[in-house]
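The values are calculated or read from the model by the stated rules, or taken from the named source; none is laboratory data. Small disclaimer: the values here were computed from a predicted structure and weren't measured. Using ideal geometry, Cβ is built from the backbone for each residue, glycine included, and neighbour counts are taken over all protein chains shown. Accessible surface areas use protein heavy atoms only, side chains included; no ligands, DNA or RNA. Shrake-Rupley method; radii C 1.70, N 1.55, O 1.52, S 1.80 Å.
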Amino acid sequence: NAGVMQNPRHLVRRRGQEARLRCSPMKGHSHVYWYRQLPEEGLKFMVYLQKENIIDESGMPKERFSAEFPKEGPSILRIQQVVRGDSAAYFCASSPLLASGANVLTFGAGSRLTVL
Amino acid sequence: SQKIEQNSEALNIQEGKTATLTCNYTNYSPAYLQWYRQDPGRGPVFLLLIRENEKEKRKERLKVTFDTTLKQSLFHITASQPADSATYLCAPGGDMRFGAGTRLTVKP
């Protein structure tokens, strides 16, 4: 089991370009979470998705950011028209659907976005 | 609004001592609470989950308590080692928001 796979690990974009970050959850996991982490700061929740559904996007900026988790393929976090303030580590996590209802997360290694 | 507070931003202790980290939450009534460890440059790793009907949970040198009246969880590492140095994050409930974390440094 390869774990949660995120790519690219490092991404450099110029201001105004688009950034696409991909996350393949662990096999058998049907829930995906995205977080942003600025240097020396905590994990900030962005969005929670299940296959083909956005369950909670209350942490996502209203503009320029979007996320999807299609029926087939990885989850994608898309940032349009990037600005320097978008430079951060973006972590994806996945969890299975447990009968007990507890969501224990397995995190990926993160994607580090640098905006020049 | 919901709030998660973890005691100090940084905690320095001597090797062999017990580290105690605090997680307080407000406007939550979580059925469970989780603790994760994050090393620099890496994603967090799950450590322990404690449910509201459990007062205490142990795993090797780790011990977690959960007081739903005080709205607080304590995370203890006994006989601490330099390898325990990391940032520790708590997450009350199922919406998977995290506290800002406590950076623990264990000095040899």
So which residue, out of B:Gly93, B:Gly41, B:Gly16, gets the largest mean-square fluctuation from a GNM of chain B using Cα contacts under 10 Å as springs? B:Gly41
Accessible area in square angstrom per residue, chain A, 1.4 angstrom probe: 51 Å²
Could you list, in their original order, any pairs among B:Lys3/B:Lys71; B:Lys17/B:Lys59; A:Lys44/B:Lys107; A:Lys44/B:Lys57 whose Cα atoms are separated by more than 19 Å? A:Lys44/B:Lys107; A:Lys44/B:Lys57
In square angstrom, what is the accessible area per residue of chain B with a 1.4 angstrom probe? 50 Å²
Rg/Rg_globular for chain A, with Rg_globular taken as 2.2 N^0.38 Å and Rg from C-alpha atoms: 1.02
Give me the percent of Cα-Cα pairs in the protein assembly as shown that sit more than 32 Å apart, rounded to a whole number. 20 percent
Per-residue accessible area for B:Leu33 at 1.4 Å probe radius, Å² rounded to 10? 0 Å²
For B:Glu60 and A:Gln17, what is the calculated FRET efficiency with R₀ set at 41 Å and r taken between the beta-carbons, to the nearest 0.05? 0.30
With charges only on Cβ, +1 for K and R and -1 for D and E, what is the dipole size of the protein assembly as shown about its Cα centre, in debye, rounded to 20? 500 debye
Can you give the FRET efficiency for B:Arg51 and A:Lys51, using 1/(1 + (r/R0)^6), R0 = 22 Å, r = Cβ-Cβ distance, to the nearest 0.05? 0.20
Most mobile listed residue (B:Ser85, B:Ser73, B:Ser29) in chain B, GNM with C-alpha springs under 10 Å: B:Ser29
If you count only protein heavy atoms and use a 1.4 Å probe, how large is the accessible surface of B:Ser8, to the nearest 10 Å²? 40 Å²
As a test of the definition: with a 1.4 Å probe, what buried accessible area, both sides summed, do you compute for B against A, in Å² to the nearest 100? 1400 Å²
Just to be sure I understand the model, the point goes 7 Å from the Cα along the line to the Cβ. What's the resulting B:Thr69 to B:Ser29 distance in nm? 1.7 nm
Using a Förster distance of 30 angstrom, determine the FRET efficiency expected from the C-beta separation of B:Thr105 and A:Arg84, and round it to 0.05. 0.45
Taking B:Thr68, B:Thr102 and ranking on accessible area (1.4 Å, protein atoms only), highest first, one gets B:Thr68, B:Thr102
Taking all protein chains in place and a 1.4 Å probe, what share, in percent, of the accessible surface of the protein assembly as shown do carbon and sulfur account for? 48 percent
Cβ-Cβ cut-off under 12 Å around B:Glu15, Lys and Arg +1, Asp and Glu -1: the net charge is +1
For B:Asp39, tell me the accessible area in Å² from a 1.4 Å probe, rounded to the nearest 10. 50 Å²
Quick check of the Kirkwood formula: for chain B, what is the inverse mean of 1/r over all pairs of different Cα atoms, in Å? 13.8 Å
Kirkwood calc, region A:61-108, C-alpha pairs only, radius in angstrom 13.2 Å
Relative contact order in percent for chain A (Cα pairs under 8 Å, 6+ apart) equals 36 percent
In whole Å, how far is the Cα centre of region A:1-44 from that of region B:26-83? 25 Å
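Relative contact order (percent) for chain B, with alpha-carbon contacts under 8 angstrom and 6 or more residues of separation?
Computed value for chain B: 37 percent relative contact order.
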Taking every residue in B:36-45, how many Cβ atoms of other protein chains lie within 10 Å of its Cβ, on average? 5
Note, A:Ile76: beta-carbon cut-off 10 Å, +1 each Lys/Arg, -1 each Asp/Glu, net +2
Return the average number of partner chain Cβ atoms within 10 angstrom of each residue Cβ along peptide A:28-37. 1
